[in-house]
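Here's the structure we're looking at; comments come further down.
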């Protein structure tokens, strides 16, 4: 660490447009709330009865994160353990209720509402979700948006990394308004200048992936304010995950010299997010704590380093362009306002 130097976009933020992150808490519909509470009780009991069982922990906590966004077709949840004879056996963790698939749930309604508001301002939207395989939520989101007359497309891992930039260019030409995909597919190598609103329906557990994916629009060359929003159901594992991710982000910022009191305190706890969520579930610690408060504190710490979006949501004015030159390629970049910066790659 004594030989490390961290350089980030914040160091040239006076030449970049405003950037804002926020948490959008959503209350669950009554039927979903009851079904989720029943699932949570079963999961809590399974974790208590099988302390240290990794299969129970992974299956149960991932189910709690997924179920509110896909409360149907989950099926019986199984764990495995060693019995008294030394043999591995399966056992039931929980049997989640199957709710109507055709119903549009609260977070989906809020997401559609927010997307429509952004599109009305001429701002295209990138939506991220992490459950994209066996229990895919991205296709459901695409279907719901298309029913509302919104042109939405899904980026999948079937598109090779070297072709993803061309994929986004095709969407631009085709008039796509919303792109949906896993954050890991776009977290490096892509500049999504047109998608100035980034909405996370789910975040996953990696602060590295989250930090990279959330900055795909706030890049050198961006001229418009960037808004990043994290959607989570209140008083669920989703909010717990988001709050813990915020704490971990504060720790990572502290390691880079951006010290905050909360971040330094958080360094005492080296548990991964999944384990920390399970501990909170069983001990009921952290219940009632809002993820929004953690992310608001991060925004407060960043004030002065990064321009924030105005409360009115108005676009920031764009002064005349300056030129930035990458010394590794001698390629010029046009930038709005601010001092000319030369970037050197070592």
| Restricting to segment 43-54, what's the tally of residues that are crowded, with 17+ Cβ neighbours inside 10 Å, free of Cβ contacts under 8 Å to residues at least 60 places away in the same chain and assigned to a helix (DSSP H, G or I)? | 1
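Within the group 226, 178, 201, which residue is farther than 25 Å from residue 68 by Cβ and touching a strand residue (DSSP E or B) at 6+ places or on another chain (Cβ under 8 Å)? I'd like the intermediate steps shown before the answer.
Numbers: 178 fails: farther than 25 Å from residue 68 by Cβ; 201 fails: farther than 25 Å from residue 68 by Cβ.
Unique residue meeting the criteria: 226.
Residues are listed down the side, and each one gets a yes or a no for (1) modelled with pLDDT of 90 or more; (2) not assigned by TED's automatic domain parsing to the domain that holds residue 214:
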| position | (1), (2) |
| --- | --- |
| 3 | no, yes |
| 14 | no, no |
| 17 | no, no |
| 34 | yes, yes |
| 38 | yes, yes |
| request: Being touching a strand residue (DSSP E or B) at 6+ places or on another chain (Cβ under 6 Å) and outside any helix (DSSP H, G or I) is the filter; apply it to segment 115-149 and report the residue that is surrounded by the most Cβ atoms within 10 Å (Cβ to Cβ). | output: 128
| Are any residues in segment 206-231 surrounded by fewer than 20 Cβ atoms within 10 Å (Cβ to Cβ) and either closer than 13 Å to residue 245 by Cβ or not assigned by TED's automatic domain parsing to the domain that holds residue 22 (or both), and if so, which ones? | 206, 208, 209, 211
| field | Pair list, Cβ under 7 Å, 6 or more apart: segment 157-176 residue in the same structural domain as residue 134 (by TED's automatic domain parsing), other residue assigned to a helix (DSSP H, G or I) | value | 157/185; 159/167; 164/185
| For residue 156, all conditions in the list (1) touching a strand residue (DSSP E or B) at 6+ places or on another chain (Cβ under 9 Å); (2) assigned to a loop (DSSP other than H, G, I, E, B); (3) under 22 Å from residue 227 (Cβ atoms) hold save one; what is the number of the exception? | (3)
| query | Condition test on residue 57, is it in contact with a helix residue (DSSP H, G or I) (Cβ under 6 Å, 6 or more places away or on another chain) and either modelled with pLDDT of 90 or more or exposed (fewer than 13 other Cβ atoms within 10 Å of the Cβ) (or both)? | reply | no
| task | Determine whether segment 76-85 contains at least one residue that is farther than 30 Å from residue 227 by Cβ and crowded, with 16+ Cβ neighbours inside 10 Å. | result | yes
| task | Check 74, 65 and return the single one that is outside any helix (DSSP H, G or I), out of contact with any strand residue (DSSP E or B) (no Cβ under 8 Å at 6 or more places or on another chain) and under 25 Å from residue 110 (Cβ atoms). | result | 74
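Would segment 77-84 turn up any residue that is at pLDDT 95 or above, in contact with a helix residue (DSSP H, G or I) (Cβ under 7 Å, 6 or more places away or on another chain), closer than 25 Å to residue 56 by Cβ and not assigned by TED's automatic domain parsing to the domain that holds residue 212? Working first, answer last.
First, pick out the residues of segment 77-84 that are at pLDDT 95 or above: none.
So far as segment 77-84 goes, no, none of its residues is at pLDDT 95 or above, in contact with a helix residue (DSSP H, G or I) (Cβ under 7 Å, 6 or more places away or on another chain), closer than 25 Å to residue 56 by Cβ and not assigned by TED's automatic domain parsing to the domain that holds residue 212.
The values are calculated or read from the model by the stated rules, or taken from the named source; none is laboratory data. Worth saying up front: this structure is predicted, and the values here are computed from it rather than measured. A quick note on method: Cβ atoms are made from the backbone with ideal geometry, for glycine too, and the neighbour counts reach across all protein chains shown.
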